[in-house]
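The values are calculated or read from the model by the stated rules, or taken from the named source; none is laboratory data. Computed from a prediction, not measured in an experiment: that's the story for all the values here. As a convention, Cβ positions derive from the backbone with ideal geometry for all residues, glycine included, and neighbour counts pool all protein chains shown.
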Amino acid sequence: MNFSTLRNIQGLHAPLKLQMEYRAARQIQRLPFLQSSNLALDTLRGSDESIGFEDILNDPAQSEMMGEPHMMVEYKLGLL
């Protein structure tokens, strides 16, 4: 649902609350060497109930190559 329609139907608080929830859901992350599922963000967008091609055959969490956890955390923190 678009924000202007939501504002007209439910008032100003509804799109503001939804934007704050999106922002909070985007900030939730796991450690850099673990794949984040972004389940909260998918639920807010309404895409948690659909299964697409990328859900089955393009899952980076099931990759054969794994990075060095210490190096990835240091890179994320800007120490390298």
Given the condition closer than 22 Å to ASP55 by Cα, at pLDDT below 90 and more than 14 Å from the chain's Cα centre (by Cα), answer yes or no: does some residue in the stretch 3-21 qualify?
no
Every pair of residues 6+ apart whose Cβ atoms lie under 7 Å, when the first sits in the stretch 42-69 and is closer than 15 Å to PRO32 by Cα while the second is at pLDDT 85 or above and among the aromatic types (Phe, Trp, Tyr)
none
Note: among SER50, SER37, just one is surrounded by 10 or more Cβ atoms within 10 Å (Cβ to Cβ), among the small types (Gly, Ala, Ser) and not in a helix (DSSP H, G or I), namely SER37
Just the residues that are in a helix (DSSP H, G or I) and aliphatic (A, V, I, L, M), please, taken from the stretch 13-34.
ALA14, LEU16, LEU18, MET20, ALA24, ALA25
